[in-house]
Amino acid sequence: MSGINYSEKIPNNVNLSEDRTLQRALEQWQPNFINWWDDMGPEGSTDMDVYLRTAVSVDPQGWAQFGHVKMRDYRWGVFLNPGEQDRKIHFGDHIGEKAWQDVPGEHRANLRRIIVTQGDTEPASVEQQRHLGLTAPSMYDLRNLFQINVEEGRHLWAMVYLLHKYFGKDGREEADALLQRNSGNEDNPRILQAFNEKTPDWLSFFMFTYFTDRDGKFQLCALAESAFDPLARTTKFMLTEEAHHMFVGESGVSRTIQRTVDVMNQLKTDDVAKLRAAGVIDLPTIQRYINFHFSVTIDLFGADQSSNAATFYSSGLKGRYEEGKRTDDHVLKGNSYKILSVEDGKLVEKEVPMLNALNEVLRDDYITDSKGGIDRWNRVISKAGIPFTLTAPHKAFHRNIGSLAGAKVTPDGRVVSNEEWMAKVGEWLPTNEDRAYVASLMGRCVEPGKFANWIAPPVMGINRQPVDFDYVRFN
Ligand SMILES: [Fe+2]
Ligand SMILES: [Fe+2]
């Protein structure tokens, strides 16, 4: 089951050849996917041979094979984690019943919506990142960008397989629509707003892969608990790929900080103008980028009170993060949870039924997890002996969804007037000037072993290759 069959047109470990109708439908979708990749995938990359990993098996050991390949020849396919025998539903109203191998009629519309929403983010991020290759700070970074891009393409395949196999004609139409919407397109945009924003520079890219791919991790973890077993199994395998994306983000920001603090120590200054003249990204700007990406990403978890979230949980469609490790009754009727809102100019906590607050529960788990990386970034700064601490902004800062939408709250959690907000927002969120400065640093630097001035080299190469390995051959 775990071995992947690469002899077929569509590599898979789901015995695709036994279901000829499905196989044919996916083989018809495949050229549309390649057309989408040619049009919307990484710009100018067609002739490049890229040192990519490809899944050879879904076992933790035999995961990947590395080699130089052209991206459009990447073996995108359908890979599910092996099924657990007699898996039982372990939360919600159906707790203790057998997990579903097919979609129950009454949950069809909701499950389709969940799968389409997840699926839509995957190609969206490829579209958002398509110009970044032109300004890569190194060949190593260029390769990592491309690895992420092909894997997001595979995540699209993962969701399209479910749509084709389990949702009939509607599923096939949804699969087609996933290639028709485009990030930032006025007439036919991607479903979630964060996936219509631009990823204009590499600092944004690293922040996106640290913060926003981590949203993906939490959504996938919640779906990996699903009573709909094929969804649980496919998201489990997606999670193993996702880990690398967050590594690229965390290490990318870390290397940016490393270079900045090295120059701060060389020049013995924390003066922003001097550091900018020296071509590195000052720490206050990095803090503003964190504030932006953190706040935009936590909005992705949805409204803090949501009857949909309660329905998804109680009917077994979507669990909590690490549902299996929790010790409550996994039904949650009668439990409560605290959410925040602004009343009379103050932040107040309110107890609400936990079932309705499950978006908030997932958001809070995400916040705890994402703070870990910020702590590790601070170690780079303190090791250099520099008295500066990066922080995650307050949960209520710069929110656009739920009870906190539009509230004027500072990064340290103070409710302020509109005037104060307007006067200080340039200290809290990246300004046009910050963005223009970061953009001015973005130049292509792709000779093996060379790195742009604003970023430090990584500690190690990919797959134990040296840092100056030829990760991308331009031909
Ligand atoms: Fe993904
Ligand atoms: Fe990802």
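The values are calculated or read from the model by the stated rules, or taken from the named source; none is laboratory data. Bear in mind the structure is a predicted one, so any value in this text is a computation, not a measurement. Cβ placement follows ideal geometry from the backbone for every residue including glycine, while neighbour counts extend to all protein chains displayed. Each accessible area value is taken on the protein alone, full model and side chains, heavy atoms only, with ligands, DNA and RNA left out. Shrake-Rupley method; radii C 1.70, N 1.55, O 1.52, S 1.80 Å.
Note on the chain: helix-only mean residue ellipticity at 222 nm, from DSSP H runs of 4+ residues weighted -39500 (n - 2.57) and normalised by residue number, equals -15500 deg cm²/dmol. Residue by residue, the range 339-355 carries 3J(HN,Hα) couplings of 10, 10, 8, 9, 10, 6, x, 10, 7, 10, 9, 9, 7, 10, x, 4, 4 Hz when phi is fed to the Karplus relation 6.51 cos²θ - 1.76 cosθ + 1.60 (θ = phi - 60°); x denotes Gly or Pro.
Cross-link pairs exceeding 21 Å in C-alpha to C-alpha distance, out of 98/236; 217/350; 236/318; 346/424; 383/424, comprise 217/350; 383/424. Take every pair of alpha-carbon atoms less than 8 Å apart whose residues are at least six positions apart; their mean separation over the length of the chain yields a relative contact order of 19 percent.
Scalar couplings 3J(HN,Hα) for the range 181-188, obtained by applying the Karplus form with A = 6.51, B = -1.76, C = 1.60 to θ = phi - 60°, are 5, 9, 4, x, 6, 5, 7, 9 Hz; x denotes Gly and Pro. With a Förster radius of 41 Å applied to the beta-carbon distance between residue 423 and residue 39, the computed FRET efficiency rounds to 0.40. A simple spin-label model places pseudo-atoms 7 Å from Cα toward Cβ; at residue 5 and residue 325 they are separated by 3.6 nm. For the set 260, 46, the ranking by accessible area, highest first and with no ligand, DNA or RNA atoms included, is 46, 260 under a 1.4 Å probe. The local environment of residue 377, defined by Cβ-Cβ distances under 12 Å, has a net charge of +3 under the rule Lys, Arg +1 and Asp, Glu -1. Each Lys and Arg adds +1 at its Cβ and each Asp and Glu adds -1 at its Cβ; summed about the Cα centre, the range 327-454 shows a dipole of about 420 debye. Within the range 150-189, which residues have the backbone N less than 13 Å from the label spot 7 Å out from residue 102 along Cα→beta-carbon, could you tell me? It comes to 166-168, nothing else. The trypsin sites (Lys or Arg not before Pro) found in the range 238-292 that occupy coil by DSSP, while having at most 11 further C-beta atoms within 10 Å, are 268.
Residues of the range 430-466 falling in the label zone of residue 262, defined by backbone nitrogen less than 11 Å from a point 7 Å along Cα to beta-carbon, are 451-459.
P(r) tail, the range 1-68: Cα-Cα pairs separated by more than 18 Å, 56% of all pairs. Size check on the range 53-125: the Cα extents along the three principal axes, sorted descending, read 49, 30, 16 Å. When only the Cβ of Lys, Arg, Asp and Glu is charged (+1, +1, -1, -1), the dipole of the chain relative to its Cα centre reaches about 640 debye. The residues of the chain present an accessible area of 41 Å² per residue when probed at 1.4 Å with all protein chains retained. Phi-derived couplings, Karplus 6.51 cos²θ - 1.76 cosθ + 1.60 at θ = phi - 60°, listed residue by residue for the range 250-256: 4, 6, x, 5, 4, 5, 5 Hz, with x used for Gly and Pro. From largest to smallest, the equivalent ellipsoid semi-axes obtained for the range 279-372 from the alpha-carbon gyration tensor read 30, 17, 11 Å.
Pairwise Cα distances in the range 398-458 exceed 18 Å in 56 percent of cases. Among the chymotrypsin sites (Phe, Trp or Tyr not before Pro) in the range 1-110, those located in a DSSP loop and surrounded by at most 15 other Cβ atoms within 10 Å of their own Cβ are 6, 63.
Carbon-plus-sulfur accessible fraction, the chain (probe radius 1.4 Å, protein heavy atoms only): 48%. Note on exposure: 312, 167 ranked by accessible area (1.4 Å probe, complete protein assembly) read 312, 167, with the most exposed listed first. Once you reduce the range 73-102 and the range 328-396 to the center of their Cα atoms, the two points are 30 Å from each other. Dividing the Cα radius of gyration of the chain by its Kirkwood radius returns 0.97 for Rg/Rh. Paramagnetic label reach from residue 336 (point 7 Å along Cα→Cβ; backbone nitrogen cut-off under 16 Å): within the range 298-313, residues 305. A dipole drawn for the chain from +1 and -1 charges on Cβ atoms has a positive end, and of 291, 64, 191 the residue lying farthest that way is 64.
Using the Cβ-Cβ distance between residue 431 and residue 383 with R0 set to 25 Å, the FRET efficiency works out to roughly 0.30.
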